[in-house]
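Colleague: So that we are looking at the same thing, I have put the structure below in structure tokens.
The values are calculated or read from the model by the stated rules, or taken from the named source; none is laboratory data. Worth saying up front: this structure is predicted, and the values here are computed from it rather than measured. Cβ: placed from backbone, ideal geometry, glycine included. Neighbour counts: every protein chain shown. When the accessible area is computed, the model is the full protein with side chains, heavy atoms only, and any ligands, DNA or RNA have been set aside. Shrake-Rupley method; radii C 1.70, N 1.55, O 1.52, S 1.80 Å.
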Amino acid sequence: MNEKLTNLANKVLPVANKIGNQRHIQAISSGLMYLIPFALLGAIFNIIANPPLTETIIQQGGWYAKLFSGWFHFAQAHRATLMIPSNMTMGLMSVIAVLGISFNLAKSYKMKELSTSMLALVMFLIVAAPSVPAYIASLVTSGVDMSTVPTTSVLDVTNLGSSGLFVAIVISLLSTEVTRFCKVKNLVIKMPSSVPPNVADSFSSVIPAIINCIVFFGVNLFSQNVFGYSLPELINSVLTPAINNVNTPIAIISIITLGNLLWIFGMHGPAMMSMLYIPISFAMTGANVELVAAGKEAIFQPVYLTQFANAFFGLTVLLLIAKSKQLKAIGKVGIIPGIFLISEPVVFGTPIMFNPILAIPHLLAPIIMMSLGWLASSFGFLSGDVNIIFAQLPLGLNAFFGSMSVKNLIFYFLMIPVQILIWYPFFKMYDKQLVMKEAEEEAATA
């Protein structure tokens, strides 16, 4: 069995490595990570502004209402102020993504990162956030002739948040490639060596900026006049079917299973495969924030099933009752990290890699838990996420703070016994093997 796993690994690993190391995928993955601290900042204030109860619950009374009523009334009174940090972080998600992705792609090409990423940002703003005229609200009163009310120019922020994330990814990559093309073809203004480097660098960006503008602004105008769609609308119309195909229960479960399969071969598959669903998770959560702000309920999307994909805590609990000295020691070392969803001590200690016995529940448990999660969501038990939580919080808190729903927290803890039941027969089999092996080693050294 181990020999078959090894042969399969020899075929799978080169392909997985090639995909994982592709520079554009790496740039997207690394660039989106810049969103995390801003998303967490926005989430903190979003959580404060949206306590996990409603006016109806307050009116019904009870200990829960009494415990959180002060928080609820404070949030209601100051909600507009509390949402400012969220609006300036989640609401600018695409802006941060453009800078991060183009910066990392430029770095991989050994280009000037800052100037390249700033140029990509300007191109994104040109096509995704054109200025539009707007009336000054404080001067608009009932019965006033609107032709006499002064106007100002404002940015259309529609595509600066989650709805423009995929547009941001496309433009950041393409703009960087256009700038690189100019560099490779020497389409730059070269200044004499006597000119200070910072001045020379500024002039060297002039021609790439002009060509970028011709490409993106020109394509945007062409698209608007020929197809009747702006470039962001065109990009989203092309990508939406692909996103919808990935954001399904079967696709998400398949992605997680493939990542777990790579774990068996010694690769951090979940980290590699997360690139396929993290952008969707960001976009769906941003859309939910907008729904909640409009007084509607957040939607539970299939991509949120990933929060129920880590099944290692159930195995860690079982390791504590193992008869094998090796497994019991791993359980003691892994229980505290396991509470914080850090599974590496158990993954490498048992080990999971090239282990035909533990490989079966390792693949099976997440599939069953995510399937149960989708079943629960179809009955309306689970709430959609309104916060992006990437911190390693203790068990269940990511599910709770992500959705601000006690039901999500309850469901998470219901899945722990499910994990244990799935792992148990395979754990007993492996534990028995190791006990026999340890006994033979002790007898040999006696």
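Colleague: Could you work out the relative contact order of the chain, using alpha carbon pairs under 8 angstrom and six or more residues apart, expressed as a whole percent?
Modeller: Reported as a whole number, the value is 15 percent.
Colleague: Quick one: pull the percent of accessible area on the chain belonging to carbon and sulfur, 1.4 Å probe, ligands and nucleic acids left out.
Modeller: Reported share for carbon and sulfur atoms: 69 percent.
Colleague: A further question follows. Give me the lysines in straight-line cross-link reach of LYS185: C-alpha distance below 27 Å, same-chain residues under 8 apart excluded.
Modeller: Answer for LYS185, where 27 Å is the Cα cut-off: LYS107, LYS110, LYS112, listed by chain and number.
Colleague: Going by accessible area, probe 1.4 Å, with all protein chains left in place, what is the ranking of ASP201, ASP385, largest first?
Modeller: Ranked from most to least accessible, the order is ASP201, ASP385.
Colleague: Oh, and also: Could you give me the ³J(HN,Hα) list for the range 50-66, computed from phi with Karplus coefficients 6.51, -1.76, 1.60 and θ = phi - 60°, whole Hz, x at Gly and Pro?
Modeller: 10, x, x, 7, 10, 4, 4, 5, 4, 5, 6, x, x, 5, 5, 5, 5
Colleague: Read phi for every residue in the range 25-30 and hand back ³J(HN,Hα) as whole Hz from Karplus 6.51 cos²θ - 1.76 cosθ + 1.60, θ = phi - 60°, with x for Gly and Pro.
Modeller: 5, 4, 5, 5, 4, 5
Colleague: So which lysines can LYS437 reach, going by Cα to Cα under 19 Å and dropping same-chain residues fewer than 8 places off?
Modeller: Answer for LYS437, where 19 Å is the Cα cut-off: LYS323, LYS325, LYS328, LYS428, listed by chain and number.
Colleague: In nm, give the distance between the simple-model label positions of TYR34 and GLN326, each being 7 Å from the Cα along the Cα-to-Cβ direction.
Modeller: Here the answer is 4.5 nm between the modelled labels.
Colleague: For the chain, with every protein chain kept in place, what is the accessible area per residue (1.4 Å probe, Å²)?
Modeller: 51
Colleague: Working from Cα positions, state the angle (0 to 90°, nearest 10) between the long axis of helix 325-339 and the longest principal axis of the chain.
Modeller: 30
Colleague: Oh, and also: What is the range 313-382's relative contact order, in percent, from Cα pairs under 8 angstrom and six or more apart in sequence?
Modeller: Dividing the mean separation by the residue count of the range 313-382 yields 20 percent.
Colleague: Which of PRO302, PRO192, PRO37 moves most in a GNM of the chain, Cα contacts under 10 Å?
Modeller: Of the options given, PRO192 has the highest mean-square fluctuation.
Colleague: Working with all protein chains in place, sort TRP63, TRP374, TRP423 by solvent-accessible area computed with a 1.4 Å probe, largest first.
Modeller: In descending accessible area the options line up as TRP63, TRP374, TRP423.
Colleague: In addition: Give me the angle, in degrees from 0 to 90, between the Cα long axis of helix 278-293 and the longest principal axis of the Cα atoms of the chain, rounded to the nearest 10.
Modeller: The angle comes out at about 70 degrees.
Colleague: Please state the charge dipole magnitude for the range 300-446, taken about the Cα centre, from unit charges on C-beta atoms (+1 on K and R, -1 on D and E), reported in debye and rounded to the nearest 20.
Modeller: In total the dipole reaches around 240 debye.
Colleague: Which lysines does LYS407 reach when only Cα atoms under 27 Å apart count, and residues fewer than 8 places away in its own chain are ignored?
Modeller: LYS66, LYS296
Colleague: Defining a contact as two alpha carbons under 8 Å apart and six or more residues distant in sequence, what relative contact order in percent does the range 79-124 show?
Modeller: 33
Colleague: Give a residue-ordered list of calculated ³J(HN,Hα) values for the range 367-379 (Karplus: 6.51 cos²θ - 1.76 cosθ + 1.60, θ = phi - 60°; whole Hz; x for Gly, Pro).
Modeller: Each residue's phi maps through the Karplus curve to give 4, 5, 5, 5, 5, 5, x, 5, 4, 5, 5, 5, 8 Hz.
Colleague: Ignoring everything except DSSP H segments at least 4 long, calculate the 222 nm mean residue ellipticity for the chain; use -39,500 (n - 2.57) per segment, divide by total residues, nearest 500.
Modeller: -22500 deg cm²/dmol
Colleague: Test of understanding: what is the full-extension gain from SER371 to VAL238, defined as 0.36 nm times their sequence separation minus their Cα-Cα distance?
Modeller: Result: 45.0 nm gained on full extension.
Colleague: Could you state the angle between the C-alpha long axis of helix 35-49 and the longest principal axis of the C-alpha atoms of the chain, as a value from 0 to 90 degrees rounded to the nearest 10?
Modeller: That helix lies at roughly 90 degrees to the long axis.
Colleague: Give the label of the value calculated from the structure for volume of the Cα convex hull per residue in Å³, choosing from (i) 131; (ii) 141; (iii) 224.
Modeller: (iii)
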